[in-house]
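All of the numbers you see were taken from the coordinates with simple rules; none came from a lab. Computed from a prediction, not measured in an experiment: that's the story for all the values here. Here the Cβ is made from the backbone with ideal geometry for all residues, glycine too, and neighbour counts use every protein chain on show.
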Amino acid sequence: MIDSEQYRVTREPYYRPVGDEVRLFEAAYAARMPVMLKGPTGCGKTRFVEYMAFKLGRPLITVACNEDMSASDLVGRFLLDANGTRWQDGPLTTAARIGAICYLDEVVEARQDTTVVIHPLTDHRRTLPLDKKGELVSAHPDFQLVISYNPGYQNLLKDLKPSTKQRFGALDFSYPDGAVETEVVAHESGVDVETAAKLVEIAQRARNLKGHGLDEGISTRLLVYAGQLIAKGVEPRAACRMTLVRPLTDDPDMRDTLDAAVATFF
């Protein structure tokens, strides 16, 4: 018997709504509609899912997708032990059995032949075939599938098939406006609002460079990291270099540009 309590989000995560995403997700869950979250890295997609799982009182099973992930990693496999062979459910199967929200993070990183296994769970069938075991799992009435991906990274080799995309309702996520992002950074890092506002200004300047030397702008997550270092007594410029500049690029000219943006505010 699977203990669903181990997958409960026991403490309310901090999430600052920026639109009607909470209401829309609640309606989607009431209809058991699969949901796709689209947005850049570090903008709050995972935190949002954790918040909604807590708010809805449902267990949450998160899978960090990667290019080596196989269908067996999702649905399960036979394992050898001292008593012979036994079947081990994968996270998707476990979620379907116990009525959890299953969150496939950055699903576009998984191989397309792997993501096909979710199709029967995302239409009227709500079933998961375990071909190796010869079992057809009917999803628990409370089960919901949520996926996320970053459209900024998509290309011909890494994108979801239309047949997969059209099985989901979608919510667009982006970095919040300056005032809201300042509030989030201050709350999550412990710095004062004035310092948080400066960090957000730096991020906004860097985001304008996306596609002009940077593959991705500074995320809200990195701003929180910078604020946490500053709150621990690290000199602001050093904190920003470590968290806002060095992770983003190795190009010397682009680093100089970002360092100059930091120096403008600190």
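For the pair Glu201 and Glu135, label points projected 7 Å from Cα toward Cβ lie 5.9 nm apart.
If you count, for each residue, the other Cβ atoms within 10 Å and average over each peptide, how do 216-225, 133-142 line up from highest to lowest?
Details: 216-225: 22.5, 133-142: 14.3.
The most tightly packed comes first, giving 216-225, 133-142.
What the Cβ-Cβ distance of Thr264 and Ala30 gives, at R0 = 45 Å and to the nearest 0.05, is a FRET efficiency of 0.40. Here the gap between Lys232 and Arg23, fully extended at 0.36 nm per residue and compared with their Cα-Cα distance, gives a gain of 71.6 nm. Here, P(r) means the percent of Cα pairs in each 5 Å bin from 0 to the largest distance; for the chain it is 1, 6, 12, 15, 15, 14, 12, 10, 7, 5, 3, 1, 0, 0. Cross-link partners of Lys133 among aspartates and glutamates, defined as those whose alpha carbon lies under 14 angstrom from its own and excluding same-chain residues fewer than eight positions apart: Asp89. How far, in degrees from 0 to 90, does helix 252-265 lean away from the longest principal axis of the Cα atoms of the chain, to the nearest 10? So the helix axis and the longest Cα principal axis differ by about 70 degrees.
In the neighborhood of Ile147, defined by Cβ-to-Cβ distances under 12 Å, what is the net charge if each Lys or Arg adds +1 and each Asp or Glu adds -1? Mind showing how you got there, number by number?
Working: positive: Lys38, Lys45, Lys165, Arg167; negative: Asp105, Glu106, Glu109.
Cβ neighbours under 12 Å give a net charge of +1.
Label separation (Ala179 vs Arg125): 4.9 nm, computed from points 7 Å beyond Cα along the C-beta direction. Length gained on full extension, Ala64 to Arg8: 18.4 nm, using 0.36 nm per residue less the C-alpha separation. Normalising the average separation of contacting C-alpha pairs (under 8 angstrom, six or more residues apart) by the number of residues puts the relative contact order of the stretch 198-239 at 32 percent.
For Lys232, go through the lysines and keep the ones whose alpha-carbon is under 21 Å away, minus same-chain ones fewer than eight residues off. Filter leaves Lys198. With Rh defined as the Kirkwood radius, the inverse of the mean 1/r over Cα pairs, the Rg/Rh of the stretch 1-155 is 0.97.
Here Lys55 is the anchor, and the lysines within straight C-alpha reach of less than 27 Å, apart from those fewer than 8 places off in the same chain, are Lys38, Lys45, Lys165.
Kindly identify the stretch 178-265 as rounded, prolate or oblate by the Cα gyration tensor criterion: order the square roots of the eigenvalues as a ≥ b ≥ c, call it rounded if a/c is under 1.5, otherwise compare a/b with b/c, prolate if a/b is larger, else oblate. Taking the square roots of the gyration eigenvalues as a ≥ b ≥ c, the stretch 178-265 is prolate. Computed from Cα atoms, the angle from the helix 220-231 axis to the main principal axis of the chain rounds to 50 degrees.
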